[in-house]
Amino acid sequence: ARAACFYGEGSRELILQLKHADRTDLAKALSAWIGRAAVELVEQADAIAPVPLHRWRLLRRRYNQAAELARPLARRFGRPYLPDALRRVRGDTQAGKSAAGRRRAVSGAFAVPERLRPRVEGRRILLIDDVMTTGATAEACARALLKAGAAAVDVAVIAKVRETAGPEA
């Protein structure tokens, strides 16, 4: 996994604006941050996929911030973009949970739709998200992709929460 920066004073406001304030215009620049930090992972990827939102959260927010980051990254590096490779089948929130609570909340929460397995099978997938707190979401997504036959799964995010910090994202 790679992160462009730590989640904190320099990144928090930009990420929260992208995530909750309809500032999708920030996605291209933040995607470039990811591209610089994870260039070797992007270059090794056979395809790029965003961490999905649950459909109810997507309806409320109107867009998936991870998809807004993954799309320009895939375009810039000429990689196939798989916006629907993963589906979130349960939508428990992660905010405020401990590491163990986060793992429980996302256990079995992601699946690769059967009709999309051929787009995943045998491929090295780069999973994109905005913030990594404990890694529980990335791990659950990777398990679903590997179960569907992905050869490997790497992860790239804008920011990683420092281990000493609490779950702020």
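The values are calculated or read from the model by the stated rules, or taken from the named source; none is laboratory data. All values derive from a computational prediction rather than experimental measurement. Glycine gets a Cβ as well: all are built from the backbone with ideal geometry, and neighbour counts include every protein chain shown. Just so you know, the surface numbers come from the protein's heavy atoms only, side chains and all, with ligands and any DNA or RNA stripped out. Shrake-Rupley method; radii C 1.70, N 1.55, O 1.52, S 1.80 Å.
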Margin query: Go through (1) at pLDDT below 95; (2) open to solvent by less than 30 Å² (accessible area, probe 1.4 Å) for Val120 and report which single condition fails.
Written below: (1)
Checklist line | helices (runs of 4 or more DSSP H) contained in region 37-82 and holding at least 3 residues closer than 15 Å to Ala152 by Cα and open to solvent by 10 Å² or more (accessible area, probe 1.4 Å) | finding: 39-44
Margin query: Regarding region 3-17, can at least one residue be identified that is open to solvent by 30 Å² or more (accessible area, probe 1.4 Å), out of contact with any helix residue (DSSP H, G or I) (no Cβ under 9 Å at 6 or more places or on another chain), farther than 17 Å from Lys160 by Cα and not acidic (Asp, Glu)?
Written below: no
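For the subset of region 130-169 comprising residues that are among the charged types (D, E, K, R) and modelled with pLDDT under 90, which member is surrounded by the fewest Cβ atoms within 10 Å (Cβ to Cβ)?
Here is the first cut: in region 130-169, the ones among the charged types (D, E, K, R) are 130, 139, 143, 147, 154, 160, 162-163, 168.
Imposing the further condition that a residue be modelled with pLDDT under 90 reduces the set to 163, 168.
Working: Glu163: 8, Glu168: 15.
Among residues in region 130-169 that are among the charged types (D, E, K, R) and modelled with pLDDT under 90, the one surrounded by the fewest Cβ atoms within 10 Å (Cβ to Cβ) is Glu163.
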Note to self: Under 8 Å between Cβ atoms, which residue pairs at least 6 apart in sequence (or on different chains) link something in region 67-79 that is farther than 13 Å from Leu41 by Cβ with a partner that is open to solvent by 60 Å² or more (accessible area, probe 1.4 Å) and of a type outside the set (Asp, Glu)?
What the structure shows: Ala67/Pro83; Arg71/Pro83; Pro72/Lys28
Margin query: Which pairs turn up if I take residues in region 131-151 that are within 27 Å of Glu9 (Cβ to Cβ) and look for partners that are part of a loop (DSSP other than H, G, I, E, B) and among the β-branched types (Val, Ile, Thr) with beta carbon separation below 9 Å, at least 6 apart in sequence or on another chain?
Written below: Val131/Val161; Met132/Val161; Thr133/Val161; Thr134/Val161; Thr137/Val51; Ala138/Val51
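Looking only at region 18-32, which residues are open to solvent by less than 70 Å² (accessible area, probe 1.4 Å) and over 14 Å from the mean Cα position of the chain (by Cα)?
Correct list: Ala21, Thr24, Leu26, Ala29, Ala32.
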